[in-house]
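Q: Sharing a structure with you now.
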Amino acid sequence: MTTAMGAALRRIQLGNALSAFGNGFTVPYLYVYVAKVRDLGASTAGVVLAMLAVAALVVLPLTGRVIDRRGPLPVALVGTLAAAVGSLGIGLSDSEPLVIGAAAALGAGIAVIQPALATMIVWCSTTLTRSRAFATQFFLNNLGLGIGGLVGGLLVDESHASSFVRLFAIEAVMFLVLGAAVATVRLPRAPKVEDAVPGDERKSGAWRALLGDRRMVWLCVLGFVLFFACYGQFESGLAAYATEVTRIPPSSLGIALAANTAAIVVAQFVVLKLVEGRRRSRVMALVGLIWTVAWLAAGLSGLVHGAQAVATTLLISTYALFGIGESMLSPTVSPLVADLAPASLIGQYNSAFALVKQMALAVGPAVGALMVGHGMYGAYIAMLVVCAAGITVLSLWLGRMLRPWQDNPHRAVATVPAARVPAEAETVACGA
């Protein structure tokens, strides 16, 4: 069984890495392509970027229920097909309605792929192996995005629209490769996990059951602050602060983003060894402290006038510290979502957390860009220092709510009730 589960996980992870590679081809160039290459204007490009988030917010509330009723595999396949159509559609669109419609398909497809793959990873892992499985997924995602971005930069030519069409076509093919990879994984019709009260969650309503779980609600609040204070600032507030206040050139900003990816790739498995066997809530609390230092470094970079090298180093350090924090979150947050979920609502919990992330990614850039755009530099940094410190407080408070095996499965698994241990240890047998 272990071999079969490992083979299934490897196929899921490989397909996911290849789709991230394809996504890396287009992410840095989407705005330029729509606004300048297709000559549709900055406003249309903004609508296209917004549509990616809006489509995700529309489909995610429904995705969890479908995953729990039909299984994650059909949802993942539909998502990969929609994403492929959307990606190719953006590459071929030469009018505003077409490119916006294609963006909606791409955003919806990517949105449903995420919780579907997360649920498949849960089904193909155990409580003790889940942290490593999600850490590997995060590592391969970032590696694929980084390599895809570098290769895409070599292929793209702003004076030739055909070069961008090629990039979007490659991305579409990679989504289809992901679909083909997960289609070869044989999953049972339902996870082999016994609920304490079988079917009660479904009868009372999936969302009602989730909102009645105070641990999950608290984790969602924590997740919103996490994503708002990090990912929600990368391409808006922090980038604007770096160029307008720290006054680093765009090339240095590219180095800072590369430092973030490099920190994740280099540190992921070193960090994994350090955090395995430790309480998840304490690890997340430490991330809050690291990000507090990161935001203080960003603020200081805007105050070091006349020492550009020092300011640039501080800002690059900010991005690198974010990467270290991200590598600590990947083996803790997603596995915790899975371990909080009743067996019949794994898809619902994964989708709800993905929805929280998407909301933070929609609100974060808007708030960051608004504050920096109006010259509220000090207030901007202060807000995010408070958010980072809040992550520590929220994490420690969550730790008080969690059961020992949820907070630290490696040390507390022996204390789990007998009915739960076989269920979580067995989880599901995934065929190769």
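The values are calculated or read from the model by the stated rules, or taken from the named source; none is laboratory data. Model, not experiment: these values are computed from the prediction. Cβ coordinates were reconstructed from backbone atoms using ideal geometry, including for glycine residues, and neighbour counts include every protein chain displayed. Please note that ligands, DNA and RNA were not included when accessible areas were found on the heavy atoms of the full protein model with its side chains. Shrake-Rupley method; radii C 1.70, N 1.55, O 1.52, S 1.80 Å.
Q: With springs connecting C-alpha atoms under 10 Å apart, model the chain as a Gaussian network and identify which of 119, 392, 129 has the largest mean-square fluctuation.
A: Per the Cα network of the chain with a 10 Å cutoff, 129 tops the list.
Q: Using just the helices of the chain, give the 222 nm mean residue ellipticity in deg cm²/dmol: DSSP H runs with n ≥ 4 each add -39,500 (n - 2.57), and the total is spread over all residues, rounded to 500.
A: -26000 deg cm²/dmol
Q: Take the Cβ-Cβ distance between residue 184 and residue 305 as r, set R0 to 56 Å, and report the resulting FRET efficiency rounded to the nearest 0.05. Don't skip to the end; give the middle numbers.
A: Working: r = 58 Å, r/R0 = 1.03.
Result of the calculation: an efficiency of 0.45.
Q: Which of the listed residues, 256, 106, 331, is farthest toward the dipole's positive end in the chain, when Lys, Arg count +1 and Asp, Glu count -1 at the beta-carbon?
A: 331
Q: Then there is this: Tally Lys/Arg at +1 and Asp/Glu at -1 over every other residue whose Cβ is under 12 Å from the Cβ of residue 161; what's the total?
A: Cβ neighbours under 12 Å give a net charge of -1.
Q: If you look at just the Cα atoms of the range 324-391, how large are its Rg and its Dmax in Å?
A: 15.7, 49
Q: So for the pair residue 81, residue 157, with labels modelled 7 Å out along Cα→Cβ, what separation do we get in nm?
A: So the two model labels end up 3.6 nm from each other.
Q: Within the accessible area of the chain, what % is carbon and sulfur when the probe is 1.4 Å and the other protein chains stay in place?
A: 68 percent
Q: Identify the residues of the range 261-305 with backbone N under 20 Å of a label point that sits 7 angstrom from the Cα of residue 386 along the Cα-to-Cβ direction, or state none.
A: What the label zone holds, given the 20 Å backbone N cut-off, is 288-300.
Q: Still on this model: Work out which GluC sites (Glu not before Pro) in the chain are exposed loop sites (DSSP not H, G, I, E or B, at most 14 other Cβ within 10 Å) and give the longest gap free of them. Don't skip to the end; give the middle numbers.
A: Details: sites that count: 158, 194.
For GluC sites (Glu not before Pro) (loop position, at most 14 other Cβ atoms within 10 Å), the longest site-free span of the chain is 195-432.
Q: From Cα pairs below 8 angstrom and at least 6 apart in sequence, can you work out the relative contact order of the chain, rounded to a whole percent?
A: 28 percent
Q: If you don't mind, there's one more thing I want to ask. Looking only at the range 90-125, which residues have a backbone nitrogen under 14 Å from a spot 7 Å from the Cα of residue 27 in the C-beta direction?
A: Answer for the range 90-125: 110-111, 114.
Q: Something else now. So how much accessible area does residue 410 have, in Å² to the nearest 10, using a 1.4 Å probe?
A: 70 Å²
Q: May I ask you to give the solvent-accessible area per residue for the chain, in square angstrom, as obtained with a 1.4 angstrom probe?
A: 42 Å²
Q: Note the full-extension length gain between residue 400 and residue 207 as 0.36 nm times their separation in residues minus their Cα-Cα distance, in nm to one decimal.
A: Here the answer is 67.1 nm.
Q: Further question on the same structure: Got a sec to turn the phi values of the range 207-220 into Karplus ³J(HN,Hα) couplings, 6.51 cos²θ - 1.76 cosθ + 1.60 with θ = phi - 60°, whole Hz, x for Gly and Pro?
A: 5, 5, 5, 5, 5, x, 8, 5, 5, 5, 4, 5, 5, 5
Q: Step by step: find N for the range 276-406, compute 2.2 N^0.38 Å, then divide the Cα radius of gyration by it. What's the final number? Spell out each step's value before the answer.
A: Working: Rg = 17.1 Å, N = 131, 2.2 N^0.38 = 14.0 Å.
Against the empirical 2.2 N^0.38 Å value, I get 1.22 for the range 276-406.
Q: From the phi of every residue in the range 272-281, what ³J(HN,Hα) in whole Hz does the Karplus formula 6.51 cos²θ - 1.76 cosθ + 1.60 yield, where θ is phi - 60° and glycine or proline is x?
A: 4, 5, 6, 8, 4, x, 10, 5, 4, 5
Q: For residue 393 paired with residue 262, estimate the spin-label separation in nm (one decimal), with each label point 7 Å from Cα along the Cα-to-Cβ line.
A: Result for the modelled spin labels: 3.6 nm.
Q: Cut-off 10 angstrom, C-alpha nodes, Gaussian network model of the chain. Which of 306, 71, 378 fluctuates the most?
A: 306
Q: Subtracting the Cα-Cα distance from 0.36 nm times the residue separation, let me have the gained length for residue 214 to residue 379 in nm, one decimal.
A: Gain on stretching residue 214 to residue 379: 56.2 nm.
Q: Taking every eigenvalue of the Cα gyration tensor of the chain, multiplying by 5 and rooting it, what semi-axes result, largest first, whole Å?
A: Sorted largest first and rounded, they come to 34, 27, 19 Å.
Q: Nearest 0.05, what FRET efficiency do residue 50 and residue 410 give at R0 = 35 Å with Cβ-Cβ as r? Numbers along the way, then the final one.
A: On the way: r = 42 Å, r/R0 = 1.20.
For residue 50 and residue 410, the calculated efficiency is 0.25.
Q: With Cβ to Cβ distances under 13 Å as the rule, what net charge do the other residues near residue 110 carry (K, R +1; D, E -1)?
A: 0
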